[in-house]
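J.: Here you go, one structure.
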Amino acid sequence: MAEAVSCLDFKASFFQVSLLRETRHFFRCRVEDGTLVELTRPPMGCKAGPEILQIIITSAIAVVTTVVRPLWAAPPSVRVDVWIDNIRIAGSKSDVTLREAQVLRNADSCRASLGEDRESGATQCTFLGVQFDRTHRAVSLSERFVRFVCAIPALNSSTIAGMEVVASRFLYAAAILCTCLCDYRFFSKAVRRRLSALNWGIVQETSPANLPPAAIGLGEGLRHIIGNNRRRIINSTEKASAAIITNASLHG
């Protein structure tokens, strides 16, 4: 039976629920003038969003086995992946169609609005910057991800904050394209040293990265590989190690 995949995403406004009064002290922070404030709603945005809470809510709507009771969980024949407000359902076309309908009913019951980036029952889809081709069992980077990386300013003019964003994208792309990072260990080591200096307060986010020329050359080499975006075929017998890689930058 042909394999298919559906991708759904929720609008960020759905997660703007009121915090219980007895829990609001957990969401205290200081504003720019130093005043201590207590939030009545979870903070939103890529710099301060409560990602764990969003993942749990989205997982419940997607009926992920680790969150809901087995009676309501998705069957083993269907794989459900969740990240923040994104859901990816993979399996046979009939199973995916049934599971997607259930997720949509769950979303409707709690008045969750879906975003425009939706793909239903397709053999190809984009999820978290990765293009999945289930017909040829291949993966590659999405066009949007590649454009973003290629548009990043040169590493020799980067700040500490910009360097960290670049490095996180490079490592993510290398994992998808199965690029051997051992060849780029000097670049990774140079980035780690700069971030360590930031952590110790020696430099600031806006300070120049000042990467060594050799590290810059390796980093630009990684950018070139990402720009080529050569499709990677996934073999059924291939053993892949697990990795947790995030797009998150210095602010979470």
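J.: Alpha carbons only, please: Rg and Dmax for region 50-95, in angstrom.
T.: 10.6, 34
J.: Something else now. What does the net charge come to around S77 if you take all other residues with beta carbon closer than 12 Å to its beta carbon, with K and R at +1 and D and E at -1?
T.: Around S77, the surrounding residues sum to +1.
J.: Using 10 Å bins from zero, what percent of all Cα-Cα pairs in region 135-196 falls into each bin?
T.: Going from the shortest bin to the longest, the percentages are 18, 49, 27, 5, 1.
J.: Rank these for me by crowding, I202, I234, going from fewest to most other beta carbons within 10 Å.
T.: Going from least to most buried by this count: I202, I234.
J.: Right, next: Relative to the present Cα-Cα distance, how much length would full extension add between Q204 and R111 at 0.36 nm per residue of separation?
T.: 29.2 nm
J.: If amide H atoms are built 1.01 Å from N in the plane of the peptide, which residues on other chains or at least 5 residues away come under 5 Å of the amide H of L141?
T.: Those qualifying (amide H under 5 Å, at least 5 residues apart or on another chain) are Q131.
J.: Which of L141, A167, T206 sits farthest toward the positive end of the charge dipole of region 141-233, with +1 on the Cβ of Lys and Arg and -1 on the Cβ of Asp and Glu?
T.: Of the candidates, L141 comes out farthest on the positive side.
J.: Report the residues of region 95-112 in range of a label on I234: point 7 Å along Cα→C-beta, backbone N strictly under 17 Å from it.
T.: Only 96 pass the distance filter.
Every read-out reported here was derived from the displayed coordinates using simple, explicitly stated rules and does not represent laboratory data. Computed from a predicted structure; not experimentally measured. Cβ: placed from backbone, ideal geometry, glycine included. Neighbour counts: every protein chain shown.
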